[in-house]
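*Asks:* Questions regarding the structure given below will be posed in turn.
The values are calculated or read from the model by the stated rules, or taken from the named source; none is laboratory data. Bear in mind that the values here come from a model prediction, so they are computed numbers and not experimental data. FYI the Cβ positions are ideal-geometry reconstructions off the backbone, even for glycines, and counts take in every protein chain you see.
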């Protein structure tokens, strides 16, 4: 690796995927891509992290919730095409419906297994994946669905020497807003304080007269709302198809582990790290692309199991 | 007894009932008059998950063929019947279903599949059980070449022929302008094979090519942003990929706005298929100008039967497009029908002998089944993606495939060498 | 509850009670029945039974650490695949005799589980589970990517199995014999002092440490023993399918084993056998009747977790203890 001039870094060329000619501007674009990728993952994973943090439930079906949000958004948008700005209405309505569904699941199923060994929650939510997956297939069939970028976000923006899709920047903004929004919710609102209390010690909160089961339901619905929102917002970017749930849940897993189980800030940082790792990893070692996430997950679990921002209690 | 125990009791009754039902299935023997006994085809394909589309499309083609044939009196007076099973893209599930179909349901033929791993697993079993297995969607050359055997056939193109076709078309159109190649292929057997074949075939016709970047996203990736920014910053001139299905759709949606299609000449190994882009509208980002390959471009094929049969598929499936998997299933059923009628019985060995080297009929014309590897020399049409007034979705236009068609498949000599070597 | 149901419960209890008293006789009869199956049922069902046996060995191995030691592992599939691929590679690449390759599978699994276990047992509960998952996925990735050696997702097909074991029926007898031997071995292990120590560790690791049990070392040993039997299951699978493919190392395969364990009852020795049988038979029945097998299986799994926490064996033994006269 030779540094020929301040803004040019030379790599070996060839099929290993390393460029022959790279400059800082390209690195900047890659950084931006990584952040945007990471933020998309965060949008999906934050719901999982919230649910685990407060309810101590590892919701394997979170990917299926994401998928449900995506399908609802696509269906609403394409069924009511004639309504201008339908995509935005779908983004509001879709996640709301998903949250209602989540509430139903929580009340009917999850409520019975709080306090049980985490393995039961794992298997129960795995059963949920199967159920939701087939429900989606029954309702919308097995095809590939697609909608396009909504106005006014269907353009690109000039960044340094290149262009970057406006919609991706929008997603970055949404991710950051959700991060700060959740912090604000938890820190400054009464509901937030109750949630934090319940997270810390559910018995005491119950003794203080708080309706703990209701709080659990609200948190689960909020987590599902976030997952559904992630799905709805992802639809202009990705193909909506069966099987999108399983590919996404692995990434959420990795993010939550890296960040630290139960930490919302950790999920944010973890997602960004995963996005950046992918973005820069493919420049250096593209053949190992499929391994990056799990190697990082294994390393963190060996070296610092509580993740970057995790707490000791989940023993 | 508490309510919980009652529910537990009921659930256990259901489970025991399930066990009993399965044991009943064990001891019951289906009885049917020998002459009217249906000829059974076992159709294995993913019916759930991200490849469900291909499975249901093939099932549509098979159903249309069976309906037509049964309406005409069946085969040798016997009706045809298909049993569909979901492989869930898992070789072990596929193998289990194949065993059940052959050993328990006593199917006469096996058909289908899009995943090459699953196809190889089933093919191994078909060889042991001496049952004819007609592969439709799986594209790995291994199935018919290295691991080919007497009982496996493929009606449909293979990865080499499709890549060769697009490589030749690309070389013709862009060979003088595009020598630096950027590649993105899903990281598994199919992706690696396509990448290697493209380098070979394009390199044969264009001198001085260089692969400046090669990416290997996991199959099922939906976020291609980092890959796109990586090769947008490179000095590549041509982009080759073998993405298909949901991956391809996601890629196009992200790549077009990022300017990939303006910077690069884009060539894809597969996926000129309608089922993937069927929801893409004229106002959406679309892969215009991309060279792709498809096995059933009925909108432009010079054969009236193609459009006719496509209409029947659309009718049956209730869709506004016909998928290549449908025509492959359709053709396979008719090929078996013709073979059975020609040899006069459902005799596996005689049917294999009959089909070797035979020119079978298909909605796209006559297709020859190569004797050495049972690969149908299916024309891998290549063309350039565009919108036309007659169809709402984009598709390949100016379709072409290399002539003679034998040139675009591995020669018998090559295959003999390959088989000797292993 | 009506007396009719009570009566039914009591007579069911009485029956089960009788079973438990003459445990060994029933076991011999069960094995005899299994051995006689091929004469009564078609090859398709013998094939299913063979799959059940292989899953039984794997799930019982998993039960050793989940049920007996209380360590939840999400990664048995990795070790299972190590056994299968070792056998396959030795036969196909090194031309090793079948018997040697079958033994080498579990041995390789012991080595890998030693390494994997050493890292994993240093963590507890959730972190242990996640680390086993990560390792298992890494094994999957290695098998998948190392195309030149393992064949990647093309798998290794047409693995030559000796003639006398080639047919489904003969392999079934072989698998039955192996399963019986493995289960006997596991029975001896769990009823030994070592096995009792594992259960103490499950109940209260702190106390176990206090009475002088080196918890980490015992957990590692349990993990390695689990690895050995998973390797046996993998080798059996290789010989049964005549092929191996990377998905056998994937997390979804682990989930099947965990469900089989849970469904049968993870605190009972024969739980995994019952669970494997019901799980595979259920899958078989459901897929023949409907295209929406995921929906049905998903509902069964959810009902199972909610109402059958202890698994079928747990339910059965609950009935037993309910029917037993007080003061016993």
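*Asks:* May I ask you to say which residue of C:255, C:280 is more than 14 Å from chain A (Cβ to nearest Cβ), modelled with pLDDT of 90 or more, within 29 Å of residue A:247 (Cα to Cα) and surrounded by fewer than 24 Cβ atoms within 10 Å (Cβ to Cβ)?
*Replies:* On inspection, the qualifying residue turns out to be C:280.
*Asks:* Tell me, which residue of the stretch A:254-270 that is free of Cβ contacts under 8 Å to residues at least 60 places away in the same chain and more than 17 Å from residue A:200 (Cβ to Cβ) is farthest from the other protein chains (Cβ to nearest Cβ)?
*Replies:* A:269
*Asks:* Can you pull out every residue in the stretch A:151-193 that is in a helix (DSSP H, G or I), free of Cβ contacts under 8 Å to residues at least 40 places away in the same chain and under 19 Å from residue A:233 (Cα atoms)?
*Replies:* Once the filter is applied, which keeps residues that are in a helix (DSSP H, G or I), free of Cβ contacts under 8 Å to residues at least 40 places away in the same chain and under 19 Å from residue A:233 (Cα atoms), the stretch A:151-193 yields A:166, A:170, A:173, A:177, A:180, A:181.
*Asks:* Does the stretch B:37-51 contain any residue that is farther than 30 Å from residue B:276 by Cβ, part of a strand (DSSP E or B) and at pLDDT 90 or above?
*Replies:* First pass over the stretch B:37-51, keeping only residues farther than 30 Å from residue B:276 by Cβ: B:37-40.
Still in the running and part of a strand (DSSP E or B): B:39-40.
Still in the list and also at pLDDT 90 or above: B:39-40.
For the stretch B:37-51, residues farther than 30 Å from residue B:276 by Cβ, part of a strand (DSSP E or B) and at pLDDT 90 or above: present.
*Asks:* I've got another one for you. Any idea which of (1) assigned to a helix (DSSP H, G or I); (2) more than 9 Å from chain C (Cβ to nearest Cβ); (3) closer than 15 Å to residue C:153 by Cβ is the one residue B:126 doesn't satisfy?
*Replies:* (3) is the only condition that residue B:126 fails.
*Asks:* Let me ask something else about it. Which of the numbered conditions does residue A:237 fail, given that it passes all the others? Conditions: (1) more than 24 Å from residue A:290 (Cα to Cα); (2) outside any helix (DSSP H, G or I); (3) within 14 Å of chain B (Cβ to nearest Cβ).
*Replies:* Exception for residue A:237: condition (1).
To keep it simple, each residue is scored yes or no on (1) under 28 Å from residue B:89 (Cβ atoms); (2) surrounded by fewer than 21 Cβ atoms within 10 Å (Cβ to Cβ).
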{"residue": "C:77", "(1), (2)": "yes, no"}
{"residue": "C:91", "(1), (2)": "yes, no"}
{"residue": "C:107", "(1), (2)": "no, yes"}
{"residue": "C:111", "(1), (2)": "no, yes"}
{"residue": "C:118", "(1), (2)": "no, yes"}
{"residue": "C:121", "(1), (2)": "no, no"}
{"residue": "C:146", "(1), (2)": "yes, yes"}
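*Asks:* So residue A:77 ticks every box in (1) assigned to a helix (DSSP H, G or I); (2) out of contact with any helix residue (DSSP H, G or I) (no Cβ under 6 Å at 6 or more places or on another chain); (3) within 12 Å of chain B (Cβ to nearest Cβ) but one. Which box is left unticked?
*Replies:* If we test residue A:77 against (1) assigned to a helix (DSSP H, G or I); (2) out of contact with any helix residue (DSSP H, G or I) (no Cβ under 6 Å at 6 or more places or on another chain); (3) within 12 Å of chain B (Cβ to nearest Cβ), just (2) comes out false.
*Asks:* Could you list, in sequence order, all residues of the stretch A:114-134 that are touching a residue at least 24 places away in the same chain (Cβ under 8 Å), assigned to a helix (DSSP H, G or I) and farther than 19 Å from residue C:62 by Cα?
*Replies:* Across the stretch A:114-134, the qualifying residues are A:125, A:128, A:129, A:132, A:133.
*Asks:* Out of the stretch B:300-323, which residues are in contact with a strand residue (DSSP E or B) (Cβ under 6 Å, 6 or more places away or on another chain) and closer than 16 Å to residue B:382 by Cα?
*Replies:* B:300
*Asks:* From the list B:190, B:133, pick out the single residue that is at pLDDT 95 or above and either closer than 29 Å to residue A:279 by Cβ or in contact with a helix residue (DSSP H, G or I) (Cβ under 6 Å, 6 or more places away or on another chain) (or both).
*Replies:* None of the other options fit; the residue is B:133.
*Asks:* Here's something else I'd like to know. So residue C:240 fits all but one of (1) part of a helix (DSSP H, G or I); (2) more than 12 Å from the chain's Cα centre (by Cα); (3) within 14 Å of chain A (Cβ to nearest Cβ); what number is the exception?
*Replies:* Among (1) part of a helix (DSSP H, G or I); (2) more than 12 Å from the chain's Cα centre (by Cα); (3) within 14 Å of chain A (Cβ to nearest Cβ), the lone unmet condition for residue C:240 is (3).
*Asks:* Then there is this: On the phi < 0 side of the Ramachandran plot, at the interface with another protein chain (Cβ under 10 Å from one of its Cβ atoms) and free of Cβ contacts under 8 Å to residues at least 12 places away in the same chain: is that true of residue C:286 in this structure?
*Replies:* So residue C:286 fits the description; yes.
*Asks:* Residues in the stretch C:139-175 that are assigned to a helix (DSSP H, G or I) and touching a residue at least 24 places away in the same chain (Cβ under 8 Å): how many? Steps first, please.
*Replies:* Taking the stretch C:139-175 first, the residues assigned to a helix (DSSP H, G or I) are C:139-145, C:147-150, C:152-154, C:163-165, C:168-175.
Subset that is touching a residue at least 24 places away in the same chain (Cβ under 8 Å): C:139-140, C:143-144, C:149-150, C:152-153, C:165, C:168-169, C:171-175.
Counting residues in the stretch C:139-175 that are assigned to a helix (DSSP H, G or I) and touching a residue at least 24 places away in the same chain (Cβ under 8 Å) gives 16.
*Asks:* Oh, and also: Here are some conditions: (1) buried (at least 23 other Cβ atoms within 10 Å of the Cβ); (2) assigned to a helix (DSSP H, G or I). Residue B:297 meets all but one. Which one does it not meet?
*Replies:* If we test residue B:297 against (1) buried (at least 23 other Cβ atoms within 10 Å of the Cβ); (2) assigned to a helix (DSSP H, G or I), just (2) comes out false.
*Asks:* Please state which one of B:137, B:117, B:112 is within 12 Å of chain C (Cβ to nearest Cβ) and touching a residue at least 12 places away in the same chain (Cβ under 8 Å).
*Replies:* B:117
*Asks:* Then there is this: Across the stretch B:198-220, what is the total count of residues that are at the interface with chain A (Cβ under 7 Å from one of its Cβ atoms), more than 15 Å from residue B:182 (Cβ to Cβ) and either in contact (Cβ under 8 Å) with a residue 40 or more places away in the chain or not in a loop (DSSP other than H, G, I, E, B) (or both)?
*Replies:* 1
*Asks:* Now, a different point. What number of residues in the stretch A:139-155 are facing another protein chain (nearest Cβ under 7 Å) and over 24 Å from the mean Cα position of the chain (by Cα)?
*Replies:* Counting residues in the stretch A:139-155 that are facing another protein chain (nearest Cβ under 7 Å) and over 24 Å from the mean Cα position of the chain (by Cα) gives 0.
*Asks:* Also, I was wondering about something else. Quick check on this structure: which one of B:247, B:223, B:284 is outside any helix (DSSP H, G or I), out of contact with any strand residue (DSSP E or B) (no Cβ under 8 Å at 6 or more places or on another chain), within 11 Å of chain A (Cβ to nearest Cβ) and modelled with pLDDT of 90 or more?
*Replies:* Just one listed residue meets the conditions, B:223.
*Asks:* Of the residues that sit in the stretch B:173-196 and are away from chain C (no Cβ under 13 Å) and without any contact (Cβ under 8 Å) to a residue 40 or more places away in the chain, which one is farthest from the chain's Cα centre (by Cα)?
*Replies:* B:176
*Asks:* Being under 25 Å from residue C:157 (Cα atoms), assigned to a helix (DSSP H, G or I) and at pLDDT below 95: is that true of residue C:83 here?
*Replies:* no
*Asks:* Next up: How many of the residues making up the stretch A:271-281 are within 12 Å of chain B (Cβ to nearest Cβ) and surrounded by fewer than 24 Cβ atoms within 10 Å (Cβ to Cβ)?
*Replies:* Count: 4.
*Asks:* Quick one: which residue in A:101, A:118, A:96, A:87 is under 18 Å from residue C:259 (Cβ atoms) and either within 19 Å of the chain's Cα centre (by Cα) or within 14 Å of another protein chain (Cβ to nearest Cβ) (or both)?
*Replies:* Working: A:101 fails: under 18 Å from residue C:259 (Cβ atoms); A:96 fails: under 18 Å from residue C:259 (Cβ atoms); A:87 fails: under 18 Å from residue C:259 (Cβ atoms).
Among A:101, A:118, A:96, A:87, only A:118 is under 18 Å from residue C:259 (Cβ atoms) and either within 19 Å of the chain's Cα centre (by Cα) or within 14 Å of another protein chain (Cβ to nearest Cβ) (or both).
*Asks:* Going by the conditions given, is residue B:80 in contact with a strand residue (DSSP E or B) (Cβ under 6 Å, 6 or more places away or on another chain) and surrounded by fewer than 24 Cβ atoms within 10 Å (Cβ to Cβ)? Write out each step before concluding.
*Replies:* Details: in contact with a strand residue (DSSP E or B) (Cβ under 6 Å, 6 or more places away or on another chain): yes; surrounded by fewer than 24 Cβ atoms within 10 Å (Cβ to Cβ): yes.
In short, yes.
*Asks:* For the stretch B:365-422, enumerate the residues that are more than 19 Å from residue B:197 (Cβ to Cβ) and part of a helix (DSSP H, G or I).
*Replies:* B:416, B:420
*Asks:* Now a separate question. For residue A:298, are the conditions met, namely being under 23 Å from residue C:78 (Cβ atoms), touching a helix residue (DSSP H, G or I) at 6+ places or on another chain (Cβ under 7 Å), free of Cβ contacts under 8 Å to residues at least 12 places away in the same chain and away from chain B (no Cβ under 14 Å)?
*Replies:* When the stated conditions are applied, residue A:298 passes them.
*Asks:* Among the residues of the stretch B:49-66 satisfying the criterion of being touching a helix residue (DSSP H, G or I) at 6+ places or on another chain (Cβ under 6 Å) and either within 11 Å of chain A (Cβ to nearest Cβ) or free of Cβ contacts under 8 Å to residues at least 60 places away in the same chain (or both), which is farthest from residue A:239 (Cα to Cα)?
*Replies:* Here the residue is B:57.
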